[in-house]
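Here's the structure we're looking at; comments come further down.
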Amino acid sequence: MKRIQQSTFRPAWWLRSPHLQTLWPVFLRRRVQLPLQAERVELSDGDFIDLAWYPRPDTPLVLVIHGLEGSLQSHYAQTLMKALHQAGFASIFMHLRDCSGTHNRLPSSYHSGRTADIAEVLVYLQQTQRMPNAAIGFSLGGNLILKHLGEMGANRWFASGNCGFRAIPIAGMRLQAGTGFLCRLRTLSGQQTQGILS
């Protein structure tokens, strides 16, 4: 079994640029509004995490975590939850602190290393017999999931006992390809750093 599979994705001729592919849904795709159920998880430090459910009885559950400054209003959030529902999954969207539209009680915020909130939400879900079978994280959310998996072990985390994480290798392959804005930026910043240090 191959670990990394080459993508068969071919963009439309008028949307070849990965930058345009990123911007297209933000500005031009119609936003989805789903009949979601809100739920609040009280945390041990006195603060809270807001969740949004898109239930589908007797189906596997997927936990979705947004990226930096994201929320349920991010262009990808409800679109993904709708696609999961159509594919036969229930989903739950976890807002990180201060991202749900309601200010949290405590002044502390989220960051890419703060996995304690995910741990408490998972304990809550386990206690209510709704443990997720999978998780999808966007950018910072993916980082949090991966960090938590490393801390706790994948087999203790998912109800299914299986773990798959593909975003990092795919992104790494794209960056290693030597094309694109980020590679040029990395090269330029490295040259500037060398000039300062030499």
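The values are calculated or read from the model by the stated rules, or taken from the named source; none is laboratory data. Keep in mind that what you see is a predicted model, and the values were worked out from it rather than measured. Counting neighbours? That spans all protein chains shown, and the Cβs are built from the backbone with ideal geometry, glycine included.
Before moving on, here are some points about what is shown:
- Scanning the range 95-109 for residues that are closer than 21 Å to Leu146 by Cα and at pLDDT below 90 gives a single hit, Ser109.
- If only residues of the range 1-25 that are out of contact with any helix residue (DSSP H, G or I) (no Cβ under 6 Å at 6 or more places or on another chain) and of a type in the set (Val, Ile, Thr) are counted, the one that is modelled with the lowest pLDDT is Thr22.
- Close pairs from the range 124-141: first over 16 Å from Pro55 (Cα atoms), partner small (Gly, Ala, Ser) and exposed (fewer than 15 other Cβ atoms within 10 Å of the Cβ), Cβ under 8 Å, at least 6 apart: Leu140/Ser112
- The range 62-94 - residue that is closer than 15 Å to Gly137 by Cβ and assigned to a strand (DSSP E or B) and, of those, modelled with the lowest pLDDT: Val62
- Unmet criterion (only one of (1) touching a strand residue (DSSP E or B) at 6+ places or on another chain (Cβ under 8 Å); (2) loosely packed, with under 12 Cβ neighbours inside 10 Å) for Gly88: (1)
- Leu51 under 12 Å from the mean Cα position of the chain (by Cα), part of a strand (DSSP E or B) and either more than 20 Å from Ser112 (Cβ to Cβ) or modelled with pLDDT of 90 or more (or both): no
- Boolean, Arg31 is surrounded by 10 or more Cβ atoms within 10 Å (Cβ to Cβ) and over 17 Å from Leu144 (Cβ atoms): yes
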